[in-house]
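Read through the structure below, which is laid out as C-alpha cells, and then see the notes.
Read-outs throughout are calculated quantities, based only on the coordinates presented, and are distinct from any laboratory measurement. Please read these numbers as outputs of a predicted model, since none were measured by experiment. Ideal geometry is used to build each Cβ from the backbone, glycine not excepted, and the neighbour counts take in all protein chains shown.
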C-alpha cells in the first residue's frame, strides 16, 4: 500500500490519575479501511476512541489525522473533531431536538450553513439511514435502532473523514442490531474509513478489512478477519475470540 | 356584613394600587434574578475553579442571611458607605440579588441533571464548550428548572411583602396603612390575604401552562 495513511497513532499513553489505560498504543489506518477493535472490557478500546477525537487527549504519544498532527500543541480541537465522526453506545441524541434537529444543529451551529441548506442536507443524511419518515420525531419517540441511525446521520452530516463507533449495538435489543449494522455496512461499501469497537463477530467477518485485538492498552495482535478467526498467533487472542464467537452464535 | 363591604369598597382602590406596586417589584426583581442567576448558575457548573468559588460565596451570602437584614443593609447600611439608593431601587436590588442566588442554585441542579453524554456528543460534532452550553445543555436545563423556578416566582410574590418596612406602598404597605386608618386589622388583613391568594393562584396557572407548552414530546419530565 502506497497511499498516505488517514490516521496514524504512535505510542499513545493515557492515564486517569493512577490508572494507566493505554500503554503505548500504535496503529496506522489507511483510507477506506474498516478496522474492528476487539478486546476484553477495560482493555482501553473506548478510551482509545476518545483519545483519537481528543475528547480525552492522550497523556503522551502522537496522533496524525491525514497530514496534521492533532496532538500538537495549539491545534484547534473543535476543528479536529468536525473531521472525526463519533457514534456512542448510548446514542446521546439531543433530547430536546427532533431527529431532523439533531442532524441540523451541527450544520447550522458548527458548519454555519443557512437553515434551508442545512435542512436539505439533514434530510439527505436521514435518507441515507432510512429515517426520512421519522424526521419530526423526538428521540424519546424512537426505538433504540432508530436512535442509533439518527446518531449516525448526525455524525455524517459533519462530513467526517473517518468514523469512530463505540459499541454501537451493545445497548440495543438483539432484533434491533441488524438495522444499525446494515447502515454501517453500507457506509463501508461507500468507502468510509471506520474504526469500530464491537463484538459483533458476524459484522467483523463480513465487513472488516482488519481485526485488532487489544488488551492492557496495547495491540496484542492484528490481521485480516479470516486469519484472526481461523489461525490467531497468540493464545490470548484465540481464547478471547473463541469466547465471544461462542457467545455470538449462542445468542443467535 | 354591610360594614365589611363598605370597608372593602373604601380600601379597594388602595389595595389595587398596592397590588400594582407589588407586581412591579416582583417582576423587576425576578428579571434581575434571572439576569444574575443564569450566568451564575452556568458559571458555577462550567466556570474555572476560582469563578466557581466566587459565585459560591455570593450564593452562600444571600442564602445564608435573612432577606430583611439584606434589605436593611442595602437601604440603611450602604448610605454610611456613601452609596444611597431610592426605596424602590433598594427593594429591587435586594430582592433581585436574593432571588438570583436561589435561581442560580436551581439552575445548577438542572444543569447537573442533564446527562454528561449530551455534552460529550455536542463536543464530538465539533461544538465548542460555549456553543454546547448554549445550544444543547441550556435548552434542556431550562425546561428542567421550570418547576423550581415556578416556586421561586410564587415565593417572590410573597417575599415582596418585606419592602413595607422601608415605606414602599406595596400591597402589604397599603394594608398596614389601611389597618390603622380604619382601626380594623382583622378584616383588612383578611382581604389582603385574599389578594395575595388570587395573585399567586393566577400566576401558578400561567406557569403550569408554560411548563406544559415547553414539554419535550415523548418525555414525561425526566431526562433520558
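The residues of segment B:182-219 that are outside any loop (DSSP other than H, G, I, E, B) and within 14 Å of chain A (Cβ to nearest Cβ) amount to a single one, B:213. Could you tell me how many of the residues in segment B:115-162 are within 14 Å of chain A (Cβ to nearest Cβ) and either farther than 17 Å from residue A:105 by Cα or part of a helix (DSSP H, G or I) (or both)? Adding up the residues that qualify gives 28. For segment A:161-169, indicate whether the set of residues that are over 19 Å from the mean Cα position of the chain (by Cα) and either crowded, with 18+ Cβ neighbours inside 10 Å or within 14 Å of chain B (Cβ to nearest Cβ) (or both) is non-empty. Within segment A:161-169, none of the residues are over 19 Å from the mean Cα position of the chain (by Cα) and either crowded, with 18+ Cβ neighbours inside 10 Å or within 14 Å of chain B (Cβ to nearest Cβ) (or both).
Considering only residues of segment B:184-206 that are touching a residue at least 24 places away in the same chain (Cβ under 8 Å) and over 23 Å from residue B:151 (Cα atoms), which is surrounded by the most Cβ atoms within 10 Å (Cβ to Cβ)? In this case the residue turns out to be B:188. With respect to the conditions (1) more than 14 Å from chain B (Cβ to nearest Cβ); (2) crowded, with 18+ Cβ neighbours inside 10 Å; (3) at positive phi, residue A:92 lacks only one, and its number is (1).
Against the condition outside any helix (DSSP H, G or I) and either over 30 Å from residue A:4 (Cα atoms) or more than 12 Å from chain B (Cβ to nearest Cβ) (or both), how does residue A:119 come out, does it pass?
On the way: outside any helix (DSSP H, G or I): no; either over 30 Å from residue A:4 (Cα atoms) or more than 12 Å from chain B (Cβ to nearest Cβ) (or both): yes.
So residue A:119 does not fit the description; no.
Any residue at all in segment A:174-190 that's in contact with a helix residue (DSSP H, G or I) (Cβ under 6 Å, 6 or more places away or on another chain) and part of a strand (DSSP E or B)?
Initially, segment A:174-190 is screened for residues in contact with a helix residue (DSSP H, G or I) (Cβ under 6 Å, 6 or more places away or on another chain), giving A:176, A:179-181, A:183, A:185, A:188.
Then keep just the ones that are part of a strand (DSSP E or B); that gives none.
No, segment A:174-190 has no match at all.
Does at least one position in segment A:96-104 carry a residue that is touching a helix residue (DSSP H, G or I) at 6+ places or on another chain (Cβ under 9 Å), within 8 Å of another protein chain (Cβ to nearest Cβ) and surrounded by 17 or more Cβ atoms within 10 Å (Cβ to Cβ)? Scanning segment A:96-104, I find at least one residue that is touching a helix residue (DSSP H, G or I) at 6+ places or on another chain (Cβ under 9 Å), within 8 Å of another protein chain (Cβ to nearest Cβ) and surrounded by 17 or more Cβ atoms within 10 Å (Cβ to Cβ), so the answer is yes.
For segment A:69-79, name all the residues that are more than 8 Å from chain B (Cβ to nearest Cβ) and part of a helix (DSSP H, G or I). Please lay out each step first, then the result.
Step one: filter segment A:69-79 for residues more than 8 Å from chain B (Cβ to nearest Cβ), giving A:69-77.
The one that is more than 8 Å from chain B (Cβ to nearest Cβ) and part of a helix (DSSP H, G or I): A:77.
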